[in-house]
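Below is one structure; the comments refer to it alone.
Since every read-out is calculated from the coordinates, none of them should be taken as a lab result. Bear in mind the structure is a predicted one, so any value in this text is a computation, not a measurement. Because the Cβ atoms are built from the backbone with ideal geometry, glycine has one as well, and the counts that use them run over all protein chains shown.
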Amino acid sequence: MSITVNGLDELKKLAGSDLGTSEWIEITQERINTFADATGDHQWIHVDPEKAAEGPFGAPIAHGYLTLSLFIPLFTELLDVQGVTTKVNYGLNKVRFPSPVKVGSRIRLVGRLAEVEEVPGGVQITVDGTIEIEGGTKPAAVLRSLSRFYA
């Protein structure tokens, strides 16, 4: 369930808060292939199910950057900031991929609003995110994301 805030002052009050957990989404071979086409990364471990079945993970795995790219749609399930003119991704301070995401797996985001800092014309938020794999013992990704919201 999404937390909705209206404006920067309400957003500032959420600093240090847990944002909850997104819904699960499935990582399909079609999604992996589409990402491979978009990026030009057609390594067999991602796009060749037969060869990947004999590889180190026993199945095709998602690109790490595909998993990372899903942070934004998953994050928008957690926090909706209204009453601002502009929302931009500002970058990442840390990203790790502790466990591969096999085709057919489901992932979700657990988020925490670690910091809210003022910047000229708006605020910058720092979100600690963990992308979990359903039934997994290690997360698919652990990251610290920066976004800016302008009044």
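Using a cut-off of under 16 Å, list every residue of segment 111-144 whose amide N is near the label point 7 Å from the Cα of F57 along the Cα-to-beta-carbon line.
131-142
In the P(r) worked out for the chain, what percent of Cα pairs fall beyond 26 Å? Don't jump to the answer; show the numbers that get you there.
Values: 3557 of 11325 pairs.
Looking at the chain, the distances longer than 26 Å represent 31 percent of pairs.
Given the pairs K12/K94; K51/K94; K12/K87; K87/K138, which are separated by over 26 angstrom at their Cα positions?
Details: K12/K94 22 Å; K51/K94 32 Å; K12/K87 15 Å; K87/K138 31 Å.
Beyond 26 Å: K51/K94; K87/K138.
Using only Cα atoms, tell me the angle between helix 29-39 and the longest principal axis of the chain; keep it within 0 to 90° and round to the nearest 10.
Between helix and principal axis, roughly 70 degrees.
If you keep only loop residues by DSSP, which GluC sites (Glu not before Pro) in segment 44-124 have at most 12 other Cβ atoms within 10 Å of their Cβ? Could the numbers behind the result be given before it?
Values: sites: E50, E54, E77, E115, E117, E118; in loops: E54, E77.
Of the GluC sites (Glu not before Pro), the ones in loops of segment 44-124 whose Cβ has at most 12 other Cβ atoms within 10 Å are E54.
Under 19 Å from the 7 Å Cα→Cβ point of Y90, by amide nitrogen: which residues of segment 1-21?
Answer for this model: 5-19.
Which trypsin sites (Lys or Arg not before Pro) in segment 1-54 pass both tests, a DSSP loop state and at most 14 other beta-carbon atoms within 10 Å?
Values: sites: K12, K13, R31, K51; in loops: K13.
Filter output for segment 1-54: K13.
Does a label point 7 Å from the Cα of E115, set along Cα-to-beta-carbon, have any residues of segment 68-103 with amide nitrogen under 11 Å, and which are they?
93
Taking loop as defined by DSSP and a crowding limit of 14 other beta carbons within 10 Å, which chymotrypsin sites (Phe, Trp or Tyr not before Pro) in segment 57-151 fit?
Details: sites: F57, Y65, F71, F75, Y90, F149, Y150; in loops: F57.
Filter output for segment 57-151: F57.
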